[in-house]
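Presented below is the structure to which this report refers.
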Amino acid sequence: MNGVLIIDKPKGWTSHDVVARVRRTLKVRKAGHGGTLDPLATGVLPIYLDEATKLVPFNIDGTKEYVAKIRLGQETDTLDADGKIIAESQAFAFTGQEIEETLKRFRGVIRQKPPLFSAIKKDGVPVYRKARAGETLVLPEREAVILSLELQSVSLPYATLAVTCGRGTYIRSLVADVGQALGCGAHVTELRRLRSGLFTIDQSLSMEDFADFAKRGTIKERLLLMKDCVDLIATVQVAPKTAENIRQGRRIHIQDLSLENWGPLKRGQRVGLCEDPQRLLAIAESPMDGGSGLSAEPQALRILRVFHQ
């Protein structure tokens, strides 16, 4: 079963919990998720099945969208409502305009420290394990890109933020930093991911619906084809001989492909090679700087990944 399921991760489940349930229910050989969500968080969690697990590295840089409900005036050790309160402020009052002015400082390229209770590894061990063991950790700051940060509502001590961000952004750290900037502290009480790269909440299945589709044997109705789960400039159907050459690891040239309806290609653009319209055979990278690819000198495609469907 090759493809991607979009699950609406329930609150209280780890991303690994969801992967394990899907793998066990569908009896697939391989399954993996495309971007960890904290247990407190809900929303878009892509689950890659069998050959589709090879697509994960191509999607890790995708833009993500979140809605976060935050509690002002309290800081916790985990930066969310699952942690212990470590600082509290009662004397604060902000207008929506004042919060908006503070948010301006966190748009664009920012620096942030990952939460101590997170799945990133230090010396090969997830830092949340070290933190729970009482180990003192100092994590270096990382660059994050906040494409948009908007205040949706305010009802003190709560507020709701909409965030669009790049890879590696920690919403808990962002909220904690906003709280520090406001001078009262803050933590995440609810977090929902609405988009992860190509995948949106509208495509997602609840765990209950997933179980129902699986029980009826119709889960393939909700399985996204691999060719639709990676950002490609174009897809091309290749001849059987070319498909076999790809499987055998032989060099493939632009001239081996039909370039009808292709526009000029630039170096590094990714194209999908399909044996039939529904099956992705390989992802290749164009070596071209431009033009139609019909020059006399053969130009080899760089095959990035081959799929066996």
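Data for the structure
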quantity	calculated
Check on residue 17, at pLDDT below 95, within 18 Å of the chain's Cα centre (by Cα) and not β-branched (Val, Ile, Thr)	no
Filtered residue count, the range 138-177, keeping only those that are farther than 20 Å from residue 60 by Cβ and touching an Asp or Glu at 6+ places or on another chain (Cβ under 8 Å)	4
Those strands (runs of 3 or more DSSP E) lying entirely in the range 125-236 with at least 3 residues loosely packed, with under 15 Cβ neighbours inside 10 Å and modelled with pLDDT of 95 or more	142-155
Condition met for residue 111 (more than 24 Å from residue 41 (Cβ to Cβ) and modelled with pLDDT of 85 or more)	no
Residues located in the range 3-27, provided they are crowded, with 23+ Cβ neighbours inside 10 Å and either free of Cβ contacts under 8 Å to residues at least 12 places away in the same chain or charged (D, E, K, R) (or both)	9
Any strands (runs of 3 or more DSSP E) falling wholly within the range 1-75 and containing at least 2 residues that are of a type in the set (Gly, Ala, Ser)	31-33
Which numbered condition residue 50 misses (of (1) at pLDDT 95 or above; (2) surrounded by 16 or more Cβ atoms within 10 Å (Cβ to Cβ); (3) closer than 19 Å to residue 175 by Cα)	(3)
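The values are calculated or read from the model by the stated rules, or taken from the named source; none is laboratory data. It should be emphasised that the depicted structure is a prediction, and the values quoted were computed from it without experimental measurement. Neighbour counts run over all protein chains shown; Cβ positions are idealised from the backbone, glycine included.
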